[in-house]
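Worksheet: the structure to be examined is printed underneath.
The values are calculated or read from the model by the stated rules, or taken from the named source; none is laboratory data. For clarity, every value in this text was computed on a predicted model and none was experimentally measured. FYI the Cβ positions are ideal-geometry reconstructions off the backbone, even for glycines, and counts take in every protein chain you see.
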Amino acid sequence: MPSPSQRIINRAYTLRPMLSLLWGWLDPRRSVAARLAWVVVLVSLLLSLLIGLVVGTTAKNDAVRAVGSLHAEYAQQLADQLDDNLNGRLQNVQIMAGLVGTRTNPDRQRALLNQLRTASSEYAWIGLADLNGKVIAATDHVLEGEDVTGLPWFAQGKNKPWVGEVHDALPIAKWLPVTPSDEPFRFVDVTAPAKNAQGQTSGVLGAYLSWGWIQSVEQRILAPLSSSRSVEALIVSAKGQVLLGPETLLGQALDPKLFNPDPSTVTGADPGAGQGSGSNQSAYFVTANWPNKLTYLTSLAHGHGQGDFKGLGWTIVVREPASTALAPADQLQWRVLLFGLSAGLLATALGVWLTRRIAQPLNQIANAAERIQRNQAAQIPLFKGQDEVAHVSRVLNSLVNSLEARNRDLQTLNATLEQRVNERTHEIERLSAESERAAVGRERLRMARDLHDTLAHTLAGLLTQIRLTRKIALRDPKAVAGELAMVEQAAQQGLQEARLAVTNLRANPVRDLGLASALEQRLSNFAEQYRIYTSFNASDHLSAMDDERAETMYRVFEESLRNIQKHAHALNVHVLLKRQQETGQVVMSVCDDGVGFDPAGPTEGHFGLHGMREQCDLIHARLDVTSAPGQGTRVDVTML
């Protein structure tokens, strides 16, 4: 008997053909219908997920707002109740101060105080002190005869009715019974000035409100909420210190951001939530992280007093763990999301089926087109109607007929085209040969110009020097040695220029440095060699020019320097390279202060000028030579 795992494997092999068939049916690479089906699936699922998220999030926010508003309402009720009770106790103390102040017998004063404490159990102690701070009457004789000038309630009560902050009542702690937890008593001071029959202040009536009374108010208000939920209430002083709450937080100072939150972090704020009748307070709720590293849904209500009582600045905090408070909202969100996804899957299945039905005619057209592509006999099926499928079938039929006619025409055109290609090939070969001969000719002209600029000048000067030496040898043989030295110097200079010409044929300073840098370097060498003052100015954006036209301008510049050295006898040379703003043309100017010449005179033998013009013609540039005898020479090369 096969094992369970073997049975699973056998079943998988049994289902393999079915799964393969199903995947072939849904493979988006095989048909438009499958792609449309996948589009329907993805769109349906995405829309369902989006709608589920939006509806679920909205429902969750509504649930969170409902819970937070409920907590905020209880926090506001507790804040209003505390303010109302403290205001009532302050009024009671004011009334009692008026009654006690009109009596002068300490026994009668003490009796009134005991009656008040018996009627209101929240008073732990009530006493009357004279203006010197000595207690003259008190409940159960506690602190009578003691000096209370150092206590806040005496100093404040001399001027006006006053309610103090919570404190430990150490002066009377020894007179009161010990609490079960051995914690010190905490009280709230309530005081008012006592006036005599003439309306003058005769003393100060002070009372300690028991903290247990405040705890009872808190328990009474939150009892309906805490009985069914894990809700905690805290009373926080104006300084942010916890006065009432869990033992782990008592006396601790909370983060001020909790009481003054950034409006963008307030969740579901409802300024009107929990407002009591006639109250000017407001409550809000936030989701906040507390010192114990837990997240709580936290509702807060700020106390601002009531009536003549301006309040103690307390903040009432009602909190519940977010995991508990928001659990129903999270469950609702998930239910809405799952419902939306279920509806989306149902719509997906229906959409896939409809897509396959709609795309079936397209499959027939595609199969016929595939057979035609394989050169098999086939006819594109024609469908009746005005929809897209019928239109595609008609267009494809017309297209197939047109392609067959064009194939016949192409066979005829191919023969004609092949003949024309052969003719064009022969023409291109002929033009290529002519272009090669033209390039060789241009190179020969360039080499002729370079040889003229170097060897021709030098050899001409050397020949002249040799002829002069021969004449001197006939007349004065002793001077031949000096002339031979000059001949040797001219030959040496010719050799250097020949080497320089060969180097220039191989080197390319424009390609290496750019036009402006090559011109500046060549001018600097010229000035150092012939002791001539030079200056050079060039536009920054022209420094990178290094094409064939730039090389030709550099050769014209070199020829200008040779002419200056051989003929001008100049002392100053100025070179300018710029781009004209009006036309955008690049202009190179070379100016000297030499002897000059007449440009309109005979030009026979002026191979240098001829060479410069030829080089400018090669790059479609204009050469302008401006000169006159005794006024120097200026050469301008303008790229057109």
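Below is a table of values for the structure above.
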item	result
Tally of residues being surrounded by 15 or more Cβ atoms within 10 Å (Cβ to Cβ), within 39 Å of the chain's Cα centre (by Cα) and either farther than 16 Å from Lys60 by Cα or not assigned by TED's automatic domain parsing to the domain that holds Lys239 (or both) across region 279-294	5
Exclusive hit being farther than 20 Å from Ser210 by Cβ, exposed (fewer than 15 other Cβ atoms within 10 Å of the Cβ), among the charged types (D, E, K, R) and without any contact (Cβ under 8 Å) to a residue 40 or more places away in the chain, set Asp107, Asp130	Asp107
Single match in Arg579, Arg531 (criterion: surrounded by fewer than 18 Cβ atoms within 10 Å (Cβ to Cβ) and within 53 Å of the chain's Cα centre (by Cα))	Arg579
Residue that is at pLDDT below 85 and under 24 Å from Leu297 (Cα atoms), where the choices are Leu49, Leu78	Leu78
Pairs where the first residue, in region 619-633, is over 18 Å from Glu551 (Cβ atoms) and the second is aromatic (Phe, Trp, Tyr), C-beta under 9 Å, 6+ apart	Ser627/Phe597; Ala628/Phe597; Pro629/Phe597; Thr633/Phe597
Residue check, Glu183 acidic (Asp, Glu), buried (at least 16 other Cβ atoms within 10 Å of the Cβ) and either modelled with pLDDT under 80 or in a helix (DSSP H, G or I) (or both)	no
Residue match in region 544-554 (condition: in contact with a Lys or Arg (Cβ under 9 Å, 6 or more places away or on another chain), in contact (Cβ under 8 Å) with a residue 40 or more places away in the chain and of a type in the set (Phe, Trp, Tyr))	yes
Hits in region 295-327 - residues which are farther than 19 Å from Leu86 by Cβ, aliphatic (A, V, I, L, M) and surrounded by fewer than 23 Cβ atoms within 10 Å (Cβ to Cβ)	Ala322, Leu326, Ala327
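Table: residues versus (1) loosely packed, with under 14 Cβ neighbours inside 10 Å; (2) on the phi > 0 side of the Ramachandran plot; (3) over 48 Å from the mean Cα position of the chain (by Cα); (4) modelled with pLDDT under 75.
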{"site": "Trp334", "(1), (2), (3), (4)": "yes, no, no, no"}
{"site": "Leu362", "(1), (2), (3), (4)": "no, no, no, yes"}
{"site": "Ala368", "(1), (2), (3), (4)": "no, no, yes, no"}
{"site": "Phe383", "(1), (2), (3), (4)": "no, no, yes, no"}
{"site": "Glu404", "(1), (2), (3), (4)": "yes, no, yes, yes"}
{"site": "Gln419", "(1), (2), (3), (4)": "yes, no, yes, no"}
{"site": "His426", "(1), (2), (3), (4)": "yes, no, yes, no"}
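Let's see how each residue does on (1) among the basic types (Lys, Arg); (2) under 27 Å from Tyr533 (Cβ atoms):
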| site | (1), (2) |
| --- | --- |
| Leu576 | no, yes |
| Asp593 | no, yes |
| Gly601 | no, no |
| Arg613 | yes, no |
| Asp617 | no, no |
| Ala621 | no, no |
| Val625 | no, yes |
| Ala628 | no, yes |
| Met639 | no, no |
